[in-house]
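The values are calculated or read from the model by the stated rules, or taken from the named source; none is laboratory data. Because the structure is a prediction, the values reported are computed rather than measured. Neighbour counts run over all protein chains shown; Cβ positions are idealised from the backbone, glycine included. The accessibility values were calculated without ligands, DNA or RNA, using every heavy atom of the protein model including side chains. Shrake-Rupley method; radii C 1.70, N 1.55, O 1.52, S 1.80 Å.
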Amino acid sequence: MSNYHYDIVIVGAGTAGACLASHVALSSPDLRIALVDAQAQAPCYSDKGYDTRVIAVSKATEAQFRALGIWDVISARRACPYQHMEVWDGEGTAGVEFDSAAIREESLGHIVENSAIVAALHERLASLASVEIIRSATVASLTLADDALAGTTIHLDDGRSLTADLLVGADGGRSSIRTLAGFDVVEWAYGHTSIVATVETELPHQFTARQRFTTEGPLAFLPLSPDCQNQQYCSIVWSVNTDIAGDLMALDSADFCVALASAFEHRLGRIASVDRRASFPLKQCRAKRYVKPGVVLVGDAAHTIHPLAGQGANLGFYDVDVLAQEVARACARGLAVNDPSVGRRYERRRMPHNLAAMSAMEGFKRVFGSDNLHLRLLRNEGFRLANRFPGLKGQLSKIASGAF
Ligand SMILES: Cc1cc2nc3c(=O)[nH]c(=O)nc-3n(C[C@H](O)[C@H](O)[C@H](O)COP(=O)(O)OP(=O)(O)OC[C@H]3O[C@@H](n4cnc5c(N)ncnc54)[C@H](O)[C@@H]3O)c2cc1C
């Protein structure tokens, strides 16, 4: 690093940060960008075992990846299309099924390993000269300017300092940028923990994403496919009360497989094997504002939501798309990247959508977390209605595929 001043410094090189750096480098090539991450190594993808973390990539996110030129790389790895989705009430008799034909698409989305996406983004970044990646670095403190146009100084833990016209916090749910810049948040723990793992099932998944809702929490089976032939692998996201999650994590593999097959009503038969399990305590956290003078939050740093609809990373990709558009718009008009209009327009375009998604997830969580008899009857009837009316189902299919 010969010069420590950048037009944009992005802290966090996960899905949101790496995607933002690629977008801005392509749409505004004259800007100098630094991408700072705590990790020492560039992320890489391995086709040996499945990554425990997967993302249900929406059609809108797929379109972004195509524009960045990384979709071919990702889909050549292990992107599994899902044409159907089945969601049902585990404590009732009703359910709703979605079909990609209803929205005239080949699929509702793709299940992709997290590492396949992050590695593809970093491979793309390697070919973009305007982006400098600074690894093994965390932010120790910030010196914020009162005036947005004056820029921000970022002090790294190794003693180096960078200055940026615009600082972007893309450092995930426990964002240090959010804390150091003094953003107010609204947060609460769900009391739920998600267990994620790759499982081998007795029956083929038939390119269907399935989710069973119970008062204990949702259980999703997301289809995985190495070559579109073998349909016996799924990624599970099993969200339960945290004390139950502890008991499930403590089970040996054989007992876990039995418990899982039973919780899933044996819809895919016996669970033949389970890979390494990981657990994530869940919380909802949202910054009250996404913007302060010279500082912007994107992705989980701005909002973390319950994974029951698999939308968290997708919302971050939509943030990134809009912020890159606003930066490009400012550049085209001869404005600085930290012109107040950039953050104002970004926040105005993204916050209502993110809040609507968060409220919908919260509503689902509460309706299905209740064992009130009236509410149970109502949700059962809701599923029945949704399944009966093609117009309503078409709209829900669009929401399910992220095309809203
Ligand atoms: C169980 C589970 C299942 C999920 N399933 C889905 C799904 O199907 N679909 C979906 O869309 N979303 C899903 N999500 C949500 C999704 O994983 C997140 O929304 C997404 O990973 C957030 O991306 P991000 O880039 O904002 O943050 P992160 O992925 O957390 O990346 C943050 C980056 O910042 C770096 N970093 C952190 N702190 C610092 C620091 N102080 N200094 C420097 N660098 C730092 C980290 O090393 C990391 O690279 C799921 C979440 C969970 C918990």
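Looking for something within 12 Å of the ligand (Cβ to nearest atom) and basic (Lys, Arg) - is there at least one such residue anywhere in region 125-136? Break it down into steps so the answer makes sense when it comes.
Initial filter on region 125-136 (within 12 Å of the ligand (Cβ to nearest atom)): 133-136.
Remaining after also requiring basic (Lys, Arg): 135.
There is at least one residue in region 125-136 that is within 12 Å of the ligand (Cβ to nearest atom) and basic (Lys, Arg).
To keep it simple, each residue is scored yes or no on (1) closer than 30 Å to Ala56 by Cβ; (2) within 15 Å of the ligand (Cβ to nearest atom); (3) part of a helix (DSSP H, G or I).
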| position | (1), (2), (3) |
| --- | --- |
| Ile111 | yes, yes, no |
| Ser115 | yes, yes, yes |
| Ala119 | yes, yes, yes |
| His122 | yes, yes, yes |
| His155 | no, yes, no |
| Leu162 | no, yes, no |
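When region 25-75 is examined, which residues are found to be of a type in the set (Phe, Trp, Tyr) and more than 30 Å from Val274 (Cα to Cα)?
Applying the first criterion (of a type in the set (Phe, Trp, Tyr)) to region 25-75 yields 45, 50, 65, 71.
Correct list: Phe65 only.
Identify all residues within region 290-339 that are free of Cβ contacts under 8 Å to residues at least 40 places away in the same chain and open to solvent by 30 Å² or more (accessible area, probe 1.4 Å); write none if there are none.
Narrowing region 290-339 to residues free of Cβ contacts under 8 Å to residues at least 40 places away in the same chain: 312, 322, 326, 329-330, 332-335.
Passing the criteria: Arg329, Ala332, Arg333, Gly334, Leu335.
Show the residue pairs that are 6+ apart or on different chains and have beta-carbon atoms under 9 Å apart, the first residue being within region 169-195 and free of Cβ contacts under 8 Å to residues at least 24 places away in the same chain and in a loop (DSSP other than H, G, I, E, B), the second being open to solvent by less than 20 Å² (accessible area, probe 1.4 Å) and among the hydrophobic types (A, V, I, L, M, F, W, C).
What qualifies is Arg174/Cys285; Arg174/Ala301.
Go through the residues of region 247-254 one by one and say whether even a single one is in contact (Cβ under 8 Å) with a residue 60 or more places away in the chain, on the phi < 0 side of the Ramachandran plot and not hydroxyl-bearing (Ser, Thr, Tyr). Write out each step before concluding.
First pass over region 247-254, keeping only residues in contact (Cβ under 8 Å) with a residue 60 or more places away in the chain: none.
So far as region 247-254 goes, no, none of its residues is in contact (Cβ under 8 Å) with a residue 60 or more places away in the chain, on the phi < 0 side of the Ramachandran plot and not hydroxyl-bearing (Ser, Thr, Tyr).
Look at region 137-153 and say how many of its residues are open to solvent by 40 Å² or more (accessible area, probe 1.4 Å), in contact (Cβ under 8 Å) with a residue 24 or more places away in the chain and either touching a strand residue (DSSP E or B) at 6+ places or on another chain (Cβ under 6 Å) or within 14 Å of the ligand (Cβ to nearest atom) (or both).
If we filter region 137-153 for residues that are open to solvent by 40 Å² or more (accessible area, probe 1.4 Å), which is where we start, we get 138, 140-141, 143-144, 146-147, 149-150.
Still in the list and also in contact (Cβ under 8 Å) with a residue 24 or more places away in the chain: 138, 141, 144, 146-147, 149-150.
When the remaining residues are screened for being either touching a strand residue (DSSP E or B) at 6+ places or on another chain (Cβ under 6 Å) or within 14 Å of the ligand (Cβ to nearest atom) (or both), the result is 138, 141, 144.
The qualifying residues number 3.
Filter the strands (runs of 3 or more DSSP E) completely within region 213-306 down to those with at least 1 residues that are more than 14 Å from the ligand (Cβ to nearest atom). Quick ask: steps written out before the conclusion?
Numbers: elements: 217-224, 233-241, 271-274, 278-287, 295-297.
Output list reads 233-241, 271-274, 295-297.
Yes/no matrix, rows are residues, columns are (1) modelled with pLDDT under 95; (2) out of contact with any helix residue (DSSP H, G or I) (no Cβ under 7 Å at 6 or more places or on another chain); (3) open to solvent by 40 Å² or more (accessible area, probe 1.4 Å):
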site: Arg344; (1), (2), (3): no, yes, yes
site: Glu347; (1), (2), (3): no, yes, no
site: Ala356; (1), (2), (3): yes, yes, yes
site: Asp371; (1), (2), (3): yes, yes, yes
site: Gly382; (1), (2), (3): yes, yes, no
site: Ala386; (1), (2), (3): yes, no, no
site: Phe389; (1), (2), (3): yes, yes, yes
site: Ser401; (1), (2), (3): yes, no, no
